[in-house]
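Written out below as C-alpha cells is the structure these notes cover.
The values are calculated or read from the model by the stated rules, or taken from the named source; none is laboratory data. What you see is a predicted model; the values in this text were computed from it and never measured. Cβ placement follows ideal geometry from the backbone for every residue including glycine, while neighbour counts extend to all protein chains displayed. These accessible areas exclude ligands, DNA and RNA; they are computed on the full protein's heavy atoms, side chains included. Shrake-Rupley method; radii C 1.70, N 1.55, O 1.52, S 1.80 Å.
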Amino acid sequence: MTGPLPAATARGKSLLSALEQSGIAASCDPADLWAASRDCWPRALLWTKAGLSPHPPEVVAWPRDPEQVAAVIRLAVERQTCVVPMGSGSGVCGGSIPVRGGIALDLKKLAAPLRIDLPSRTVEVAAGMIGARLEELLQEKGATLGHFPSSIRSATVGGWLATRSAAQLSTRYGKIEDLVIALEAVDGTGQVLRTLDGPSAGPDLTQLLVGSEGTLAVITSARLRIWPRPSRQWLRGVRFPSLQHGFRALRAVMRSGLRPSFARLNDPLDTLLAGKSAPAVPQPLKWVAFGAQAEALRLALRAPSILNRLVDALPRSSLLVFGFEGDLEDDLAEEGDAALALCEAEEGENLGSAPAERFLETRYQPQFQQAKLFAAGAFADTLEVATTWDRLDALLLAVRHAVAGLALVRAHFSHVYLEGCAVEFSLVGLAGQSFEDAASGSRDDAELDLEEGEARYDACWKAALSAAADAGATLSHHHGVGLARQILMPREHGEGMRQLRALKQAFDPHGVLNPGKLLL
Amino acid sequence: MIDRLRQDLGASGAAIVEEPQGGYRVTPPSIASLGRAVAVVRAWKLPLRVRGSGDAPGNARGVLLDVGSLDRIASVDGGTGIVRVEAGCNVAALEAAARRAGATLGPLLPSVRAGSVGAWLAGPTRGERGVPGARRETAALSVTAVLADGRLAESRAAPRSATGPDLDHLALGGGGRLCVVAAAWIRLFPVSPALAASWTFRSLPTAVAALEKLCLERSAPARARIVGSGDGARLAMAWEGLETAPMERDRSARILSALGALAESDRGANYWLREPSSGDAVEVDARWASLRGWSQQGELQFFGMHAGGAFATLALPDARGAEEAAALARAAGARVIAPRRMRDAGPGWEAMGAGAVWRRLVEALGVEEAP
C-alpha cells in the first residue's frame, strides 16, 4: 500500500552524479527514495494508509567512512541542500524523515572494524552496526552491552546514540548515554570530531552530541562500555494490591542499593492481560489490546471514555516482574530474596518466576500488535516520559484524565532510578477507515480519512504531552523528540531553547544537518 | 567608562567592591540580581570569573562574581532523594541538611566538600559521583543556569531524558564560561551505615590493580584508601547500601582472596578510611592505568570509582610535597584538578577537533570576552 513511489527530481539526479563522482554509493531509485522517506513513527502509518509518502529525500547516499560522510556534508553546503542522517529507520518519532528533502545519509554501510576489549570493558563500533549484530558478536566473546531495546533487531548503534535510547535492562546497565565513553562524529562543516576517552576539560562534548538527533553532527562511531555476560538470572513476579503499593516497593528496592537487571510494574489492565485472569477482562478491552475483531474494535474506540471507565472498574491489583543477573546462584538468591522481602513488606504476593519468564519471552511482541490496530482503522502510539517519585501519582492521573475521552490509556512503569522512573503510556484511539476500505476507496475519501485521522491522533497526542508537561515530567525518556514531540520543546526547555539554537549555530553554521528537527 | 560600568553593575542590585589588583568583585544577593549582573558583564564583554567555579580564567581583570550569598536550601525531600539548592551553598552545609532528612550526597573529594555547590557542578568533576554498578553519573538532576542576557535556563528535574542534547552539560564542568550555575536539583543517596574491611598486598600498584579489578567486576566500593610503602600496601574499602553493603563486601572479599590478598581484621577500618591524608595531597581525575603507575609508595583515597578510573587524592610519604605528587601524576597520565593553583588545563574541545565549534558557540551564546 505504498501508493505511487516518489520520482527522482532534477536536483536529485544532479546530487547523485556529484556523489558518484566522489566515489560515494548513492541512488535516486524510487524504491530507495520511498524507503528513506519514513521511519517507524506511528502517525506516519496514516500516510501509508492514504497511499502517500509526503517527505521523500532527493537522493540516498551510503557513505563507507567518516571522510565520505564529511564529503556529503560539504556537498550539501555547496549545493545549499540538507543532509538527514538515518540508521535503519526504526525511530518512532519521525526523527529521520527528510521534511525538507535533500540527501538521506544512510549510515548502515559505515564499515569500521569492531574492536572488542573485554579486559578494559570497551568496544569500538561503527554507528551503522545493527544492535542485535553487535550483541551477537559481543556474546561470542563472553561479553554484553546490556542494551536490549525493543528495536534491537533493527536499530543501529548510531540511532541509539542520536536519540538517547534506553533498554529493558537499563536499571542495571544504564541508558545509552551511560554506556558511551567516547565518540566520533562529523559536524555541519565536515569537520571530524573525536571526543576523548579519559579526563578532559570543559563541558562534556560527548554528552552534548548524544541525543542531538542528527542536528549537530553525524555520529560515525563510538566507544562503549561492555561487561562480562552474566550466565544466570533470578526472576520473579509479584502481585500488589494496587499500583501505589508497587511504587513504594520499587522505591524501597532502589533505596536499598539493589539494582535489578529489569523491573516492570504493570497497570491493572496489563496485569490482568499478563496473567491467567485474562478471561476476566471485558471483551472490548481485549479487542483493543490484541487488535482483534476490526469492526468491533472500531466501534469500541468510538467511546474511549467508556473503555477507560471499564479499566477503572477492573480489580486494582498490579503486577511487578523483575529479575537479577549474575554468575553465582547464591549471590542471585541473596539479592532476589532481599528484593522479595521489600515487596512483601508492601503486601506483595510472590507469584514465582513464571510471570517474569513470560514477560522476557514475549517482550518483543507488543510492537507487532500495532500493525493490526492500524490495519483495523485505529491509531496506536506510546508516550514514554520520566519523573521523580513524588510526582508519579499526579502524572498518571493527569495523563489519564486528559486523554480519557480520546483514546484508551494503558501504562507501565520501568527504567527505574533511585529518584524516580519512566512511565510508558500506550494510547489507542480511532483513526478512521481500515486499510482494506482505504485501499478500495477513492483518492478523495483517502485524503479526507487521512485529515480526520491526523486530527484525532494529534488531539490525543497533544493532550497527553501537555498533561505530562504540566505534571512536571520530561517529554521523552528514550524515544527522542523527532517530529512527534517538537511542538512542546519550548515547554520542555524554556530559555534553554536559546542554548539549543546556539549549539546549532556552533556545530552546523550552514544549517544543513537534519533541518526542521528539535525546532532548529 | 569605568563610572558607567559601576553604574550598570550597581543597577543589578549587587554589592560592588573594586579589587586592589584591578577589576571588580560583585556579590549579588539573589538569583535575579545574579542574572542582571551577568547580563552587564556580558554586555561589556569583560572576563567573568565565578568564585569557586573551577576553570574560569584566573586573570585579575574583569569581574569576579561572588555567589556566596546565594546559599539557600529551598527543599530537601529525603524520601524521593532530591534537594533544591542555590549555587553558593557550601557542600558541607548541604550534606548536613541532607543528613537531617536521612539522606547524603555520598563520598566526595575533599576539595568538593570544602567548596560550593556551584564549584562542584561547574568545576572539573562536573558534579560526578559513583553509583552502584561501577558507574559514574552527575549528581545534578537539573541545573538552573544564567545565560548571557541574564535570563535563566532550567532543565526538567527528571531522572533521565531524551529531549535533545543534555543542555545541563553546557554548565557542568564549564567553569562559568558558557553560563553560570545559579541553582540545581541535586540527587541524594539514603543514609546507610558503612561496612568496611581491609586487606594487605605486596605493593601499592598491586593494591590499585585489585581495586580496579573490583570495579571491572561491577563491585566498586563507595570509598577506598590505599597506603603503600616498600614493605607492602594496605587497602581499606567501605560499602554503603541498606541491603547491599554486606553482599558487596563478601563478593569483594571473594575476588580479592582469589587475587592473593590477605584479609585483615575489620576493626578500625572505617575510621582509618576516613582519616585525612597524612601528606600534602593533590586531587586527580585518572584512569586506572595512571593510578597504578603513579608511584610505588604513598597514599591514595578514591571517590567516584567506575570501570574506567576514579577521582583520587594522592600524597607522597616523607613530607615530599604536593608538587612532586602532581608531577608524578601527570607523568602517569592523570589530570590534576586540585589544589586550584596546580590544576591542569587538560585537553579541551580543541584537542577533539572542536576548536572552531567552541569559538562559534562562545559567539552564539553571547559570552565573548574582549582581549
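Looking at the structure I just gave you, is A:Thr271 away from every other protein chain (no Cβ under 12 Å), assigned to a strand (DSSP E or B) and surrounded by 24 or more Cβ atoms within 10 Å (Cβ to Cβ)? Even if it seems obvious, please write down each step before you answer.
Values: away from every other protein chain (no Cβ under 12 Å): yes; assigned to a strand (DSSP E or B): no; surrounded by 24 or more Cβ atoms within 10 Å (Cβ to Cβ): yes.
Judged against the criteria, A:Thr271 is not a match.
Out of segment B:135-158, which residues are among the small types (Gly, Ala, Ser), more than 7 Å from every other protein chain (Cβ to nearest Cβ) and under 22 Å from A:Gly257 (Cα atoms)? Passing the criteria: B:Ala139, B:Ala140.
State which residue is most open to solvent (accessible area, probe 1.4 Å) when the search covers only segment B:175-218 and only residues that are in a loop (DSSP other than H, G, I, E, B) and more than 11 Å from chain A (Cβ to nearest Cβ). Before you say what the answer is, go through the steps one by one.
Residues of segment B:175-218 that are in a loop (DSSP other than H, G, I, E, B), as a first pass: B:175-179, B:188, B:191-194, B:202-203, B:217-218.
Next, from what is left, pick out any that are more than 11 Å from chain A (Cβ to nearest Cβ): B:176, B:193-194, B:202-203.
Numbers: B:Gly176: 5, B:Pro193: 105, B:Ala194: 25, B:Arg202: 190, B:Ser203: 24 Å².
Here the answer is B:Arg202.
Selection over segment A:116-140 of residues that are in a helix (DSSP H, G or I), buried (at least 19 other Cβ atoms within 10 Å of the Cβ) and among the small types (Gly, Ala, Ser) gives a count of 1. Considering (1) at pLDDT below 95; (2) crowded, with 19+ Cβ neighbours inside 10 Å; (3) farther than 25 Å from A:Arg225 by Cα; (4) not basic (Lys, Arg), the lone condition that B:Ala370 does not fulfil carries the number (2). Could you tell me whether A:Gly211 is closer than 19 Å to A:Cys40 by Cα, at the interface with chain B (Cβ under 7 Å from one of its Cβ atoms), within 17 Å of the chain's Cα centre (by Cα) and open to solvent by less than 10 Å² (accessible area, probe 1.4 Å)? Yes; evaluated as a whole, the condition is true for this residue. Checked against the criterion of being under 30 Å from A:Gln293 (Cα atoms), within 14 Å of chain B (Cβ to nearest Cβ) and of a type in the set (Phe, Trp, Tyr), the candidates A:Phe413, A:Phe435, A:Phe425 yield just one match: A:Phe413.
Each row is one residue, and each column tells you yes or no for (1) of a type in the set (Ser, Thr, Tyr); (2) open to solvent by less than 10 Å² (accessible area, probe 1.4 Å); (3) over 19 Å from B:Leu172 (Cα atoms).
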site: A:Gly142; (1), (2), (3): no, no, yes
site: A:Ser151; (1), (2), (3): yes, no, yes
site: A:Thr156; (1), (2), (3): yes, yes, yes
site: A:Ala162; (1), (2), (3): no, no, yes
site: A:Glu184; (1), (2), (3): no, no, yes
site: A:Ser200; (1), (2), (3): yes, no, no
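Please determine whether any residue of segment A:169-186 is outside any helix (DSSP H, G or I) and either under 14 Å from A:His479 (Cα atoms) or of a type in the set (Phe, Trp, Tyr) (or both). There is at least one residue in segment A:169-186 that is outside any helix (DSSP H, G or I) and either under 14 Å from A:His479 (Cα atoms) or of a type in the set (Phe, Trp, Tyr) (or both).
Kindly indicate whether any position in segment A:150-159 is within 14 Å of chain B (Cβ to nearest Cβ) and either of a type in the set (Phe, Trp, Tyr) or part of a helix (DSSP H, G or I) (or both). Taking every residue of segment A:150-159 in turn, at least one turns out to be within 14 Å of chain B (Cβ to nearest Cβ) and either of a type in the set (Phe, Trp, Tyr) or part of a helix (DSSP H, G or I) (or both).
When segment B:139-158 is examined, which residues are found to be outside any loop (DSSP other than H, G, I, E, B) and open to solvent by 20 Å² or more (accessible area, probe 1.4 Å)?
Here is the first cut: in segment B:139-158, the ones outside any loop (DSSP other than H, G, I, E, B) are B:140-146, B:152-154.
B:Leu152, B:Glu154 - these are the residues of segment B:139-158 that are outside any loop (DSSP other than H, G, I, E, B) and open to solvent by 20 Å² or more (accessible area, probe 1.4 Å).
Scanning segment A:469-491 for residues that are open to solvent by less than 10 Å² (accessible area, probe 1.4 Å) and not in a loop (DSSP other than H, G, I, E, B) returns A:Ala469, A:Thr474, A:Met489. A single entry from B:Ala327, B:Ala345, B:Ala319 fulfils the requirement of being surrounded by fewer than 21 Cβ atoms within 10 Å (Cβ to Cβ), hydrophobic (A, V, I, L, M, F, W, C) and part of a helix (DSSP H, G or I): B:Ala327. Of all residues in segment B:1-14, those that are assigned by TED's automatic domain parsing to the domain that holds B:Leu34 have Cβ atoms under 6 Å from Cβ atoms of residues that are assigned to a helix (DSSP H, G or I) and not hydrophobic (A, V, I, L, M, F, W, C), 6 or more apart or on another chain, in B:Ser12/B:Ser33; B:Ser12/B:Arg36; B:Gly13/B:Ser33; B:Ala14/B:Ser33. Would a scan of segment A:416-423 turn up a residue that is assigned to a helix (DSSP H, G or I) and modelled with pLDDT of 95 or more? For segment A:416-423, residues assigned to a helix (DSSP H, G or I) and modelled with pLDDT of 95 or more: absent.
Conditions tested, residue by residue: (1) touching a Gly at 6+ places or on another chain (Cβ under 7 Å); (2) buried (at least 23 other Cβ atoms within 10 Å of the Cβ); (3) not charged (D, E, K, R).
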residue: B:Ala253; (1), (2), (3): no, no, yes
residue: B:Gly260; (1), (2), (3): no, no, yes
residue: B:Gly268; (1), (2), (3): no, no, yes
residue: B:Gly279; (1), (2), (3): no, no, yes
residue: B:Gln301; (1), (2), (3): no, yes, yes
residue: B:Leu314; (1), (2), (3): yes, yes, yes
residue: B:Arg341; (1), (2), (3): no, no, no
residue: B:Gly355; (1), (2), (3): no, no, yes
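Each residue in segment A:41-66 was checked for being open to solvent by 50 Å² or more (accessible area, probe 1.4 Å) and touching a residue at least 60 places away in the same chain (Cβ under 8 Å), and 1 of them qualify. So is B:Ala92 more than 20 Å from B:Phe303 (Cβ to Cβ) and either open to solvent by 10 Å² or more (accessible area, probe 1.4 Å) or in contact with a strand residue (DSSP E or B) (Cβ under 9 Å, 6 or more places away or on another chain) (or both) or not? It is false that B:Ala92 is more than 20 Å from B:Phe303 (Cβ to Cβ) and either open to solvent by 10 Å² or more (accessible area, probe 1.4 Å) or in contact with a strand residue (DSSP E or B) (Cβ under 9 Å, 6 or more places away or on another chain) (or both).
Every test in (1) within 30 Å of B:Ser116 (Cβ to Cβ); (2) among the hydroxyl-bearing types (Ser, Thr, Tyr); (3) more than 24 Å from the chain's Cα centre (by Cα) is passed by B:Ser161 save one, and that test is (3).
Remark: pairs (first residue in segment A:483-494, at the interface with chain B (Cβ under 7 Å from one of its Cβ atoms) and over 21 Å from B:Ala157 (Cβ atoms); second residue open to solvent by 40 Å² or more (accessible area, probe 1.4 Å) and part of a loop (DSSP other than H, G, I, E, B); Cβ separation under 6 Å; 6+ apart in sequence or on different chains) are absent. Do the conditions hold for A:Thr189, that is, is it over 27 Å from B:Glu128 (Cα atoms), open to solvent by 10 Å² or more (accessible area, probe 1.4 Å) and in a loop (DSSP other than H, G, I, E, B)? Yes, satisfied. Just one of the numbered conditions (1) touching a residue at least 12 places away in the same chain (Cβ under 8 Å); (2) of a type in the set (Ser, Thr, Tyr); (3) farther than 23 Å from B:Arg274 by Cα is not true of B:Thr80: (1).
Sort out which residues of segment B:92-138 are in a strand (DSSP E or B) and either of a type outside the set (A, V, I, L, M, F, W, C) or touching a residue at least 40 places away in the same chain (Cβ under 8 Å) (or both), and write them in order of number. Don't jump to the end; show me each part of the working.
At the first step, the residues of segment B:92-138 found to be in a strand (DSSP E or B) are B:103-104, B:116, B:128-131, B:135-138.
If the condition is that a residue be in a strand (DSSP E or B) and either of a type outside the set (A, V, I, L, M, F, W, C) or touching a residue at least 40 places away in the same chain (Cβ under 8 Å) (or both), then B:Ala103, B:Thr104, B:Ser116, B:Glu128, B:Arg129, B:Gly130, B:Arg135, B:Arg136, B:Glu137, B:Thr138 are the ones that fit.
Pick out the one residue from A:Arg255, A:Arg264 that is within 13 Å of another protein chain (Cβ to nearest Cβ), of a type outside the set (Asp, Glu) and open to solvent by 20 Å² or more (accessible area, probe 1.4 Å).
Values: A:Arg264 fails: within 13 Å of another protein chain (Cβ to nearest Cβ).
None of the others qualify; the one that does is A:Arg255.
Every test in (1) closer than 30 Å to B:Asp231 by Cβ; (2) under 18 Å from the mean Cα position of the chain (by Cα) is passed by B:Leu204 save one, and that test is (2). Quick check on segment A:448-468. Is at least one of its residues within 14 Å of chain B (Cβ to nearest Cβ) and part of a strand (DSSP E or B)? Looking through segment A:448-468, none of the residues is within 14 Å of chain B (Cβ to nearest Cβ) and part of a strand (DSSP E or B). The requirement of being under 30 Å from A:Arg172 (Cα atoms) and touching a Cys at 6+ places or on another chain (Cβ under 6 Å) is not satisfied by A:His493.
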